[in-house]
Every structure is written in C-alpha cells, then in structure tokens.
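These notes concern the structure reproduced below.
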Amino acid sequence: MSEATVDVADLRPADPEDRADEAPLREDIRLLGRVLGEVVREQAGEEVFDLVEEARVEAFRIRRSEVDRSGLAQMLAGLDVRTANHVIRAFSHFSLLANLAEDVHHERRRRFHRREGSPPQKGTLAASFELLDAADLDPAVVQRELDGALVVPVVTAHPTEVRRRTVSRVQREVAELIRTRESAPDEAQWSAHLWREVLTLWQTALLRLSRLRLEDEIDEALRYYDLSLFAVVPQINADLRAALHQRWPDADLLPTPMLRTGSWIGGDRDGNPFVTAAAVRRATTRAAETALSHHLGELVVLAEELSMSERLVRPTDELEALADAARDDSPFRADEPYRRALRGIYRRLAATALGVLGHVPGPLPDVELEPYAEPAELIADLDVVAASLRTHGAGALADDRLRRLRDAVEVFGFHLSGLDMRQNSSVHEEVLAELFAWAGVCEDYAALDETARRELLTGELRLRRPLVGPDAQLSELARGELDLLAAAAEQVRRLGPRAIPNYVISMCESVSDVLEVAVLLKEVGLVTIGDDGLPASPIMIAPLFETIGDLQGGGETLAAMLAEPVYRSMVDGRGGTQEVMLGYSDSNKDGGYLAANWALYRAELALVEVARTAGVELRLFHGRGGTVGRGGGPSYEAIRAQPPGSVAGQLRITEQGEVIAAKYAEPDLARRNLEALVAAVLESSLLSLEGLGDDAEEVYALFDDLAGRAEAAYRALVHDTPGFVEWFRAATPIRELAELNIGSRPPSRKAGDKITDLRAIPWVFSWSQARIMLPGWFGTGTALQSWIGEDPERLAHLQDLHARWPFFRTVLSNMGMVLAKTDLELAARYAELVPDEDLRHRVFDVITAEHERTVAVLLAITGDDHLLADNPSLARSIRNRFPYLEPLHHLQVEMLRRRREGDDDELVRRCIQLTINGVATALRNSG
C-alpha cells in the first residue's frame, strides 16, 4: 500500500481511544484546548476563533479520512497575513499544550504502575538487575567488564531547539498545574491560574529577535543542572553502587562514579567561527561557577539543618578538630560543632572559588581559610561530618542532604562537566603547515605523503621545544587556533584535567591527522615530553569516523595509530584507553539510512577486534542526533543493539538540540532517560544480546550486500540525479531555516551548493518540515525488496533475523517510527513549490515509489498490519498531536510560495518561521 493512501488511523491498534487509562489524557487535552480557544477568542477576536475552530474540526476530519485535504488547503490559502499569523500561533500552541498533556500522562502512568507493584519497565535499573540476577554472573566477570565503567551524555548546542527559555518556563508552570489539578483546594483559583499562564503563553513571542549567541547556548545548557542533573545524576550513581554491592559485595565495583556529564558547547569549533579562546574560557569557567555555586548553597543549608548541640550529643574528635579549624568565634554556635565545622568547610570552598573564578558565587565569608586543592579534600571533610553523625544515632541525617552533596562533589567536582574540543582535520593540517614553515622545519608540509608526514610528526613529538614563539607572525586562522589551545591549557591548569578531557578530530582519515593534533597540543603544553623522550598528555585524542568510507577504514586507521610507538605511549600514559567517535549524521547524509547503520556496526566490530589485538581498552563515543536520520531513536534499544564487545562498560553519547529539553527539563524525565542509558550499558556489557551465534558471519555478509544495494539507491537519487539539489532547496524550507534564530552555528560548513557542504542537521530538519523524512528510510525498501524478490524463504530469513537480532529489529523499528511520521500527501504540496514541473515529478515520483516499497517490505518482515504495532505510545501521540500539524503545513506552503514570488512583507517571513517552530514542536524529534 502506498503511504499516500495510508491514514494515521492505520498507524495504531484498533480502538485505542476506548482504553480507560487514556481518559485522563483526553480530558487534559480537551481542557487545555478549551482554555486556549477562550484566550484566542478574547485576544484575537470572534472571527479568528471561528476560523481556528473550523480548521481544527476539518483537520480531525482529515485524520479520520472523512474528507481530503483540498478543503482545508483552500480555506487557508487566501488568508491575509495577519489572520494567518493568528492561526499559525494558535495551532503551534495547541501542539505545545498537547505535548505537555502527553508528558504529564506518562508520569501519571508510571506512578500508577509503581503503586500497583507492576513489574519494572525495561530501561530501568530494576529491570536490568532482574536480567542480571537471572544470568547468574561470575563476580570476576562483572568486575572485569565494569572496570573503568563510564557513561557520559554529552550536551551539544546544535540548532534544532526552537523553544525560547521564557516559553519553557510557562510550559513547566502549565504542566505543574495539570499535575495538581485533582488536589487543588480551590478549583476556581486553579482555573484562573491556568488561564493566566495560557494567556501569558499567547502574549509571549515564540521567536527570538536575534540569533542565539554562543554564550547564550552555554548558559542555556547549564540551567539543566539546577532543573534536574544535580539531583538525578548522583542519585543514580548511588543506587547503582548499592545494587552492585548487594549482589557482589566482595568485588571492587565502581570506585568512581559510572555516570558523568559532558559538553561540546564552547569547545566544538568545527565550522563554528564563534568558538574562540574566550568561548573556551567562558564555557569552562561558567561550568565551574555552576558546580561551586551548587556546593556552596548546599553547605549553607546544611549548616542550618545540622544544629546538634554538644550538650546533647558527643561528636567525634575528628569533627571537633574540623569545627576548631573553622575559626568560628560566634558565641551563638559555641555548642554547635557541626555548624562550626560546616562554616569552615564553606570558607575553604569559598576560597577555592575565589582562586578559580575570581569571585565567590554565594555569601562572602568573613574569615579566609586555605582553599581546597582538589575535590577529594572536600569529600574527606564531608565524610568526617557523616561519620560523626553516625556515632550518635544521626545516620539518617548523614544519608540525606549531606550524602547527596558528597555524591555531587564526587561526580561534578569543581569543574562540573568535561568540555570536549573538536576541529576538522583539514584545519589542523593548514595550521601545522604554517607553523612548520615559520619555524623552518618544512617549507611545504601539505605536499608530503603520509609516510613523510608521520616521520616529521613523530620526530617533533620527541622534542621539547615549541615550533613557534608568542611573537610569531601567523595568519588569523593559525593564531586563533593556538590562542584557543592555550586557553584550554590554562583552564586545565586551573580546574584540573577533567575540565577538558577529550579532543575530537572531525573527518579523521589517517594517523597523521591524529599526530597533528598531538603536535599542536604540545605547542601549548598539553603534551609534554618525558625523560624517555616519549610524549604524554591528559587529553584523550579521539578520531571521528563519519563518512561511509572513513567508517569502513576505521579499523585500519586505529590499528596504525596504536602501532605507532610515539602515539601508543600517550595511550598507555592515560591507562591504556583509546576513544573513537562514530558519526551518525554525516554517514547517513553520505550513504543513506541502512548503509550508514550497517557501516557503523561493521566499524564497531573492526574497532573492537583491533583494540583487543593491541591490548587497549576501547571506548566508543556515539554522535547521535535527535532524529532517526541522525542516529536518534530510543537510546535503550540503540545501545542494546550494538555489536558484541563494543560497549564493555563504557559509552559516551551526544544529546542534541530539542532532545535536551525533552529529556532533562524535569527530574522525572532525567531519571528515566539517564537510567535507560546506564541500564542498557550494564546489559550490553554483561549479557550476550546479539543472538546470531554461529550464523554471525553469514548474516554480516548478507548485510554487506543489503547495505550496498541501499547505498546505491540512495546515491542514485541524492548524489547522482541532475537537479536534485535544486529540487531539495525548492521543496523544503532549507533557505528559510537559515534565517531562524535557533542556534549560533551556521547551517553549512562552507559556502556552496552541494549536499556535502550542508550540515547534516539542517539537512534532516528540512526533510522533517516537509514531512518526507527521507534520511530515515530512503533506499532501505529497494535493498530489502530487491534481495527478497519473489522468494518466500528469503523473506522468512529476514523475519527470523528481525525476531532474534536486536540490531535489525531496532533499525526497522526506528524506520517504522519515521515512516509513521511521513505524509506524502502533505509532501506533495511542498513539491508543488518546485518551479520546474518535469524536475518536480521526476524526483517526487522516485520518492513516492521508494516509500511505497519501504512500507510494504517493512510490514512484510515485521508481520504487523500497521507501522506502529510495536510502539502504541507513539501511535497515541501521533493521534493526539498530528491533526494540529495540518493547518501549519498548509500555511507554511502558502507563505513559502508568497515569499518566493516576491512578497517581502516582514510578517510573511515571520509566519514562515512560526510554522517551522510549530511543526518542530509537534514532531518533537525533528532535527
């Protein structure tokens, strides 16, 4: 069946609206819609309200297949721009409020299941430990696999987060009102409060007047620590340690926290000219300020809470010594040793903050004490307080706020999170060529072959002298790079090596690409040469393999890196761990969905074998985006679908764009998502999940074939079809997206009109806006259908693999999610924007045919009768939210047409941007 004839009703099980447990959700959506409608009527007038209501009713009739789309399109086509603006804002807010109701309903259902004692849900630590208990694991195996265990979500500032911070605040307030509706003491007051919040939402601009600055992105990401991460991350680590110790008390498990946090914001300068030395300083300093402010604030509260008197309890001698060292002479605290001790701890930490930040983010102490040299010293003092409390029956107090603070200091230290640096390998080459020429070492480094480059670079890494001095006359590019690295070195000295732990090399293709970074780090003192003439560094240099070709050659590149003695000494000096980053976005843009996913799987297999042979620990860093076309989808299933040996207790993973708010805006959301990461890493590390057994090599060969077929089909359209770029730029809002103020990073790495020049994020985002979602499925249908042919045994083989192989099951499940969000009837309206009629039909007919093939073969393999049979929650979500998308899409097409025909009214441009915002809100994982 063609997707063009598939209604949303076909994407869900029969009669889900009759389920009693969804009644509260339906009631919440109706209530919020009613209040918004009343606000629209009051603020925009009766005529606008009637139009919005008529469009809403028509959109739901379209969803139920009672009418086609032409009536709604005609209704909205002739609107004056001001009325259109009201309608767009109304439906954008409808979508946003439906999302809120959905999130609150998820919380409601989880609370219900906990109260009812339901079995733990998959993706929770409780469910994981049930699986581990059933496996009866050897303690030695557990200890080996979890040695050095590390899970790090890394926040990145990619431009797909469309919500303003002000709007997010109103959202949180409305969500809290919905949560407390049943317990509100005064219904009239509650209703009035809800009205005020929705009114505020209506009168608040959804769009920013100016593009986000990098410093705004830094601050925006840091606020999630106060919203959820300070509370949730230490608690998960504590729960994890307790569960492991209960099961394997004699094993030394997790001596350091397994779950930590990272960031790229302020360190990722690949194609972002705004990442400078000042940005590195700001990112790391603001992070440290956030951590120290939290710790100091908790100490103030603790000093209020721990009011025990020596007249009533006897503290330990160590606590008394800590209190005496505080130099607190207040007569009011003379018999309160805990308060005095905590004031002393506060004073020492304040002195630390003063040294690190230049100011104290909290009350300024009146007595100066010696600063803490490192977080371990603060932890030791907190442990003294806890141990003393336990001696006089106050262990419950030691396990409350004090324990949470101690765990937070252990996780976040004084630096908060590690800032990764990233730059493109071509920039390193250009800068180093200039440095070599200036120093008289090599006049034309770029002309050297790989062997000559390695020889030159390894020789340089045995010399202690720098290539250039501070007065060297360098280009703006070279000076900027060196200044930035010098700022990083300065921050490492101030905040410790955990502040900037990693350096990622984009488009890494060779050993020389890695050695070039080592030489540049040596210039600023982040690589030092030992007495043995070998280099050492606290910075992990991580190659990023991101195109299909680079992924296919990744194992060979890693083997050559580790075989180079100078580089291997750096790996051994960091405990024998080597990180490799895998790029999901560019590999997909390069070769399409199935080819990229399989190239990543194959690359991981090769990297695991290389690391095992070389005797190093491999840690993979997954550069996943929010949408399936960029590696998105449920994290728990994605991690469990990794090949054998590729997780091994360690994993870093990017969290990008709108996904950050969706996962970390509230503690309950953060707990659920972070638990899923940790649970999946535990299961992947300790259980055998692949399920292929002796058939693995045969299956791998089959998928080599399928991936080749899929890539050929994808490249034939995207890279080889004449006029395809012209079609893409006309049929999607890619040009208009560049004008939307949603991120500091430019949409392209460099000026040009090629797909390869375009960043993967706006590439995927634009396809989502047009409801084609091409990066999440195109080519897969041709590959699978052409291999199956008319052979029922081949179909049965793929059905068997789908049933027992998590990788294939996850690939198809995520693809099904994308196909459910695809709507080629709506996409056809966008295709009408292509002026060349022959080109319009030539490209869109290929897309439509491939879509039909892909839906048909997916359902044949899964055995399902609708696309979301394995995801009823998303089916419900689509049913609730997608009718509000209808008017937004029709008005987006209409405004795009007007703009491109020469209407330069500023309100037309704003309407386009509002529809982009509204569609992204409703789709939720659009970029």
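Restricting attention to region 235-252 and to residues that are hydrophobic (A, V, I, L, M, F, W, C) and in contact with a strand residue (DSSP E or B) (Cβ under 8 Å, 6 or more places away or on another chain), the residue that is surrounded by the most Cβ atoms within 10 Å (Cβ to Cβ) turns out to be LEU240.
Picking from LEU706, LEU717, LEU702, LEU689, which residue would you name as being touching a His at 6+ places or on another chain (Cβ under 9 Å) and either within 16 Å of ARG804 (Cα to Cα) or buried (at least 16 other Cβ atoms within 10 Å of the Cβ) (or both)? Only one candidate passes the filter, namely LEU702. The criterion of at least 2 residues that are closer than 29 Å to ILE62 by Cα and not assigned by TED's automatic domain parsing to the domain that holds TYR714 is met by none of the helices (runs of 4 or more DSSP H) wholly inside region 772-865. Scanning region 780-813 for residues that are in contact with a Phe, Trp or Tyr (Cβ under 7 Å, 6 or more places away or on another chain) and either of a type in the set (D, E, K, R) or over 21 Å from ALA641 (Cα atoms) (or both) returns a single hit, ARG794.
Scan region 301-318 residue by residue and report those that are hydrophobic (A, V, I, L, M, F, W, C) and in contact (Cβ under 8 Å) with a residue 24 or more places away in the chain. Give the steps one after another, and end with the answer.
Quick first cut of region 301-318, residues hydrophobic (A, V, I, L, M, F, W, C) only: 301-303, 306, 308, 312-313.
Hits for region 301-318 are VAL301, LEU302, ALA303, LEU306, MET308, VAL313.
I'd like to know if region 233-254 contains one or more residues that are of a type in the set (Val, Ile, Thr), assigned to a helix (DSSP H, G or I) and within 25 Å of the chain's Cα centre (by Cα).
Narrowing region 233-254 to residues of a type in the set (Val, Ile, Thr): 233, 236.
Filter once more, so that each one left must be assigned to a helix (DSSP H, G or I): 233, 236.
If we keep only those that are within 25 Å of the chain's Cα centre (by Cα) as well, we get 233, 236.
Yes: region 233-254 contains one or more residues that are of a type in the set (Val, Ile, Thr), assigned to a helix (DSSP H, G or I) and within 25 Å of the chain's Cα centre (by Cα).
Of everything in region 449-473, what is touching an Asp or Glu at 6+ places or on another chain (Cβ under 9 Å), part of a loop (DSSP other than H, G, I, E, B) and either buried (at least 19 other Cβ atoms within 10 Å of the Cβ) or at pLDDT 95 or above (or both)? Give them in sequence order. The answer is LEU467, and nothing else.
Would you call ASP366 part of a loop (DSSP other than H, G, I, E, B), without any contact (Cβ under 8 Å) to a residue 24 or more places away in the chain and farther than 18 Å from GLU298 by Cβ?
Answer is yes for this residue.
Considering only region 809-853, how many residues are of a type in the set (Ser, Thr, Tyr) and farther than 25 Å from HIS890 by Cβ? Break it down into steps so the answer makes sense when it comes.
Going residue by residue through region 809-853, those that are of a type in the set (Ser, Thr, Tyr) are 810, 813, 822, 830, 848.
Still in the list and also farther than 25 Å from HIS890 by Cβ: 810, 813.
Residues that pass the stated criteria total 2.
Assess whether TYR503 counts as being within 35 Å of the chain's Cα centre (by Cα) and of a type in the set (Phe, Trp, Tyr).
On the way: within 35 Å of the chain's Cα centre (by Cα): yes; of a type in the set (Phe, Trp, Tyr): yes.
Criteria met by TYR503.
Being among the charged types (D, E, K, R), in the same structural domain as GLU837 (by TED's automatic domain parsing) and surrounded by 20 or more Cβ atoms within 10 Å (Cβ to Cβ) holds for only one residue in GLU711, GLU697, and it is GLU711. A Cβ distance below 8 Å, combined with a sequence gap of six or more or placement on separate chains, defines the contacts here; from region 464-485, residues that are of a type in the set (Asp, Glu) reach residues that are in a loop (DSSP other than H, G, I, E, B) in the pairs ASP483/THR276. If you go through region 57-80 and keep only what is outside any helix (DSSP H, G or I) and closer than 19 Å to MET895 by Cβ, you end up with ARG69, GLY78, LEU79, ASP80. Residue count for region 93-132 satisfying the condition of being surrounded by fewer than 14 Cβ atoms within 10 Å (Cβ to Cβ), within 30 Å of SER168 (Cβ to Cβ) and among the charged types (D, E, K, R): 3. Here the helices (runs of 4 or more DSSP H) wholly within region 535-628 that include at least 3 residues being surrounded by 19 or more Cβ atoms within 10 Å (Cβ to Cβ) and touching a residue at least 60 places away in the same chain (Cβ under 8 Å) are 585-591, 593-614.
Annotation: ARG422 fulfils all but one of (1) under 30 Å from LEU461 (Cα atoms); (2) touching a helix residue (DSSP H, G or I) at 6+ places or on another chain (Cβ under 6 Å); the unmet one is (2). Number of residues in region 643-669 that are within 26 Å of PRO255 (Cα to Cα) and without any contact (Cβ under 8 Å) to a residue 60 or more places away in the chain: the value is 4. Can you find a residue that is at pLDDT below 95, more than 30 Å from LEU859 (Cβ to Cβ) and assigned to a helix (DSSP H, G or I) anywhere in region 13-22? No, that holds for no residue.
PRO883: modelled with pLDDT under 95 and in contact with a Phe, Trp or Tyr (Cβ under 8 Å, 6 or more places away or on another chain), yes or no? First the steps, then the outcome.
Details: modelled with pLDDT under 95: yes; in contact with a Phe, Trp or Tyr (Cβ under 8 Å, 6 or more places away or on another chain): yes.
Criteria met by PRO883.
Residues are listed down the side, and each one gets a yes or a no for (1) among the basic types (Lys, Arg); (2) assigned by TED's automatic domain parsing to the domain that holds ARG339; (3) over 21 Å from SER307 (Cα atoms):
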position	(1), (2), (3)
GLU377	no, yes, yes
GLY393	no, yes, no
ARG403	yes, yes, no
ALA439	no, no, yes
ALA447	no, no, yes
ALA452	no, no, yes
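Condition test on GLU793, is it modelled with pLDDT of 95 or more and surrounded by fewer than 18 Cβ atoms within 10 Å (Cβ to Cβ)? Write out each step before concluding.
Details: modelled with pLDDT of 95 or more: yes; surrounded by fewer than 18 Cβ atoms within 10 Å (Cβ to Cβ): yes.
Judged against the criteria, GLU793 is a match.
Only residues that are exposed (fewer than 11 other Cβ atoms within 10 Å of the Cβ), modelled with pLDDT under 90 and either closer than 16 Å to VAL104 by Cβ or of a type in the set (D, E, K, R) (or both) were counted across region 173-193, and they come to 2.
Whether a residue is on the phi > 0 side of the Ramachandran plot, in the same structural domain as ALA478 (by TED's automatic domain parsing) and not polar (S, T, N, Q) was assessed, and GLY549 does not pass this test. Residues in region 198-224 that are buried (at least 18 other Cβ atoms within 10 Å of the Cβ) and acidic (Asp, Glu): GLU217, GLU220. Residues of region 313-335 that are surrounded by fewer than 22 Cβ atoms within 10 Å (Cβ to Cβ) and touching a Ser or Thr at 6+ places or on another chain (Cβ under 8 Å): ARG314, THR316, GLU318, ASP335.
The values are calculated or read from the model by the stated rules, or taken from the named source; none is laboratory data. Just so you know, these numbers come straight off a predicted model, no measurement behind them. Because the Cβ atoms are built from the backbone with ideal geometry, glycine has one as well, and the counts that use them run over all protein chains shown.
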